[in-house]
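Remarks on the structure that follows.
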Amino acid sequence: MPRPFVSVLIDTYNHERFIEPAIVSAIEQDFPASEREILVVDDGSTDATPAIVRRFEPRVRLLRQANRGQASAFNAGIPECKGEIIAFLDGDDWWAREKLARVVAVLAGNESCGIVGHGITNAFENGPQHVDTVQKAELLRLNSAAAARVFRMRKSYLGTSRMTVRAAVVRRILPVPEALVIEADEYIFTLLTAISDLVIVPDVLTHYRQHGANLYNAAGGNQAGLIRKQRVMAALAEALRRSLPVWGVPADAVEYICEIIEAEAEQMRLMLHGGTPWETVRTENTIYRIMHEDAPRSHRIFRTATMILALLLPPRWFYAGRRWLGKQAWYRIVKQNILPPPGNTRVTVPEEFKA
């Protein structure tokens, strides 16, 4: 069978330090140049990003727009893609050389698969790298609560630079709500897992750059950024609660998916605007239950002690105190050597979810 034509869609904003290696990683793929195109959507950069992209023309096509956020960039770029498959890449990340060949092979061999994710290397500015991946290939669709419970612990393998999709499938869910100036990728990969199969392979194919200007990380770095991030998370939960039932996702599965997003939005609201101590405890308990269900008894005891403070302090005081404590060197040493943070919840993947 002939190999499908692939569109590489790079979204970027003020990535002058990073956009060149991102583009080079797409150009240097172990995949024929005649069977792919590269589009860059520049979301109103005010630095040298557009000029750097133009150096790669005509191998790369540049689309420019005023700064309106990630959803708008996707809404502009996806209809311009000529490929049957679209591979997304953020302008500050880069791919392993075998990325396209591997994910295209998965899609070509699984007609019901509409989206592929994979392992990542978290690359930090000061040098360390951390690999995050699944042990075996997994296959799932959001058609049950059990599937949704697995899915919400697999989102780190499905962000922009990790997801590759069938163009015909992703076009069914357009437009992406433009309130999602960040997190538009989560809207896409969640809905695509509702209307088609998701395959996650253990191959580590993306280097995810962790840096201060990363739009998702930086969004919570100051008061204005935290306000924007809180609004986006609340809008994402609302959009998913509205859209998932339309695509046939059961109510209990919708609850599993949206519960953690709403809890994170509520946590940021309490940081910003305050509320009651009980709201803090309820929100923190929800996040802890979802993310650290397997935490050891010692950590549960420690956390219970911290929740006593949450019951006594106004939310803004509690979160300000937690931020201050996290900056103290002695506290970091204690956490690292005596009471390390628990790992994320280990979900059991039913046999029918394995690829």
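When E178 is tested against the conditions (1) touching a strand residue (DSSP E or B) at 6+ places or on another chain (Cβ under 7 Å); (2) at pLDDT 95 or above; (3) assigned to a loop (DSSP other than H, G, I, E, B), the lone failure is (1). Would you confirm, using the coordinates I've provided, whether R297 is modelled with pLDDT under 95 and buried (at least 16 other Cβ atoms within 10 Å of the Cβ)? For R297, the condition - modelled with pLDDT under 95 and buried (at least 16 other Cβ atoms within 10 Å of the Cβ) - is not met. Residues considered: S196, S161. Of these, the only one that is in contact with a Gly (Cβ under 6 Å, 6 or more places away or on another chain), buried (at least 20 other Cβ atoms within 10 Å of the Cβ), polar (S, T, N, Q) and modelled with pLDDT of 95 or more is S196.
It is to be established whether one or more residues within the range 37-60 are open to solvent by 10 Å² or more (accessible area, probe 1.4 Å) and within 15 Å of P4 (Cβ to Cβ). Yes. Can you confirm whether V204 is open to solvent by 40 Å² or more (accessible area, probe 1.4 Å), over 20 Å from R242 (Cα atoms) and not in a loop (DSSP other than H, G, I, E, B)? For V204, the condition - open to solvent by 40 Å² or more (accessible area, probe 1.4 Å), over 20 Å from R242 (Cα atoms) and not in a loop (DSSP other than H, G, I, E, B) - is met.
Within the range 10-36, being open to solvent by less than 10 Å² (accessible area, probe 1.4 Å) and touching a His at 6+ places or on another chain (Cβ under 9 Å) holds for one residue alone: A22.
Among strands (runs of 3 or more DSSP E) lying entirely in the range 95-169, which contain 1 or more residues that are of a type in the set (S, T, N, Q)? First the steps, then the outcome.
Working: elements: 113-124, 129-132, 138-140, 164-166.
Once the strands (runs of 3 or more DSSP E) in the range 95-169 are filtered for at least 1 residues that are of a type in the set (S, T, N, Q), what remains is 113-124, 129-132, 164-166.
Does A76 meet the test of being touching a helix residue (DSSP H, G or I) at 6+ places or on another chain (Cβ under 6 Å), touching a residue at least 24 places away in the same chain (Cβ under 8 Å), under 23 Å from G114 (Cα atoms) and not in a strand (DSSP E or B)? In short, no. F56 fulfils the conditions (1) aromatic (F, W, Y); (2) touching a residue at least 40 places away in the same chain (Cβ under 8 Å); (3) in contact with a Leu (Cβ under 9 Å, 6 or more places away or on another chain) except for a single criterion, (2).
Restricting attention to the range 300-319 and to residues that are open to solvent by less than 60 Å² (accessible area, probe 1.4 Å) and either touching a residue at least 24 places away in the same chain (Cβ under 8 Å) or closer than 13 Å to M271 by Cβ (or both), the residue that is nearest to the chain's Cα centre (by Cα) turns out to be Y319.
Output yes when any residue across the range 240-258 is surrounded by 20 or more Cβ atoms within 10 Å (Cβ to Cβ), touching a Leu at 6+ places or on another chain (Cβ under 8 Å), closer than 17 Å to F318 by Cα and not basic (K, R), and no when none is. Scanning the range 240-258 turns up no residue that is surrounded by 20 or more Cβ atoms within 10 Å (Cβ to Cβ), touching a Leu at 6+ places or on another chain (Cβ under 8 Å), closer than 17 Å to F318 by Cα and not basic (K, R). Tell me whether the range 115-134 contains one or more residues that are touching a His at 6+ places or on another chain (Cβ under 9 Å), among the hydrophobic types (A, V, I, L, M, F, W, C) and modelled with pLDDT of 95 or more. Checked the range 115-134: at least one residue is touching a His at 6+ places or on another chain (Cβ under 9 Å), among the hydrophobic types (A, V, I, L, M, F, W, C) and modelled with pLDDT of 95 or more. Of all residues in the range 282-293, those that are without any contact (Cβ under 8 Å) to a residue 60 or more places away in the chain have Cβ atoms under 6 Å from Cβ atoms of residues that are part of a helix (DSSP H, G or I) and open to solvent by less than 30 Å² (accessible area, probe 1.4 Å), 6 or more apart or on another chain, in T283/A263; T286/A263; I287/A263.
The values are calculated or read from the model by the stated rules, or taken from the named source; none is laboratory data. Bear in mind that the values here come from a model prediction, so they are computed numbers and not experimental data. Here Cβ is always computed from backbone atoms with ideal geometry, including for glycine, and neighbour counts include all displayed protein chains. Calculation scope for accessible area: heavy atoms of the full protein, side chains included, ligands and nucleic acids excluded. Shrake-Rupley method; radii C 1.70, N 1.55, O 1.52, S 1.80 Å.
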